[in-house]
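Working notes, structure below.
The values are calculated or read from the model by the stated rules, or taken from the named source; none is laboratory data. It should be emphasised that the depicted structure is a prediction, and the values quoted were computed from it without experimental measurement. Cβ sites come from the backbone with ideal geometry, for glycine too, and all protein chains shown count toward neighbours. Calculation scope for accessible area: heavy atoms of the full protein, side chains included, ligands and nucleic acids excluded. Shrake-Rupley method; radii C 1.70, N 1.55, O 1.52, S 1.80 Å.
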Amino acid sequence: MSIRPCALPSTALLLRHQHAGAYADCYATDIARAVTHAEFVEAFYTTRLFKAERFILRWLASKPSSDAQARQLAAGERDTFAAWTVEGRAPGQLMLADFSGRTRSWLMVGPVEGAAGTRLYFGSAVVPGKAAGDGGRARMGFLFRALLGFHKLYSRALLRSARARLASGGG
């Protein structure tokens, strides 16, 4: 039941950003029951941990959101949610771009190889910015490097929180 880093699956929508030079990560965990993609997306965006992020976005960036909007996003009935806009959907996948265009969030469900249950994936991409004083080459910058350790811990905590919600029957 651990949260583990893994390579992006070959069908992952997030791969195109990784191939274009963005930082991309992927975490996975298994749950011993069938979980639909809509259940996973709703659970992910309605956990207490993610609600804290939504609270911050509401007050600092004027980007409010609700659990009802998370359900609509999960059901494919809306293309915006808090600070994000849907960039892509595919069977079992959702990729969102933040309002700055620099980060992506990606959720996917798939089968567990050789066992019953569902594999839950969560990944992020950070698109490098152009450095004016460096000939316009793409760079990640100091802030990205300084926050990368926190990002990795937070990503695992978000996925763990969603899995716990789903395991308890929430969704």
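List of remarks:
- Test: residue in region 27-45 that is in contact with a Pro (Cβ under 7 Å, 6 or more places away or on another chain) and not aromatic (Phe, Trp, Tyr): no
- Conditions (1) in contact (Cβ under 8 Å) with a residue 24 or more places away in the chain; (2) farther than 18 Å from Leu148 by Cα; (3) open to solvent by 10 Å² or more (accessible area, probe 1.4 Å); number of the one not met by Ala24: (2)
- Answer residue from region 94-103, given it is part of a loop (DSSP other than H, G, I, E, B) and touching a strand residue (DSSP E or B) at 6+ places or on another chain (Cβ under 9 Å) and is farthest from Leu15 (Cα to Cα) among those: Phe99
- Of the residues screened, Pro64 is not one that is touching a residue at least 40 places away in the same chain (Cβ under 8 Å) and either outside any strand (DSSP E or B) or out of contact with any helix residue (DSSP H, G or I) (no Cβ under 6 Å at 6 or more places or on another chain) (or both).
- Index of the failed condition, Leu73 passing every other in (1) farther than 19 Å from Leu147 by Cβ; (2) surrounded by fewer than 22 Cβ atoms within 10 Å (Cβ to Cβ): (2)
- Residue list for region 118-152, filter: under 21 Å from Pro9 (Cα atoms) and either at pLDDT 95 or above or not basic (Lys, Arg) (or both): Thr118, Arg119, Leu120, Tyr121, Phe122, Gly123, Ser124, Ala125, Val126, Val127, His151
- Among the numbered conditions (1) among the hydrophobic types (A, V, I, L, M, F, W, C); (2) at pLDDT below 95; (3) more than 18 Å from Met95 (Cα to Cα), the only one that Ala22 does not meet is (3).
- The number of residues in region 27-55 that are assigned to a helix (DSSP H, G or I) and surrounded by 13 or more Cβ atoms within 10 Å (Cβ to Cβ) comes to 14.
- Looking only at residues in region 71-93 that are more than 12 Å from Leu107 (Cα to Cα) and part of a loop (DSSP other than H, G, I, E, B), the one that is farthest from the chain's Cα centre (by Cα) is Glu77.
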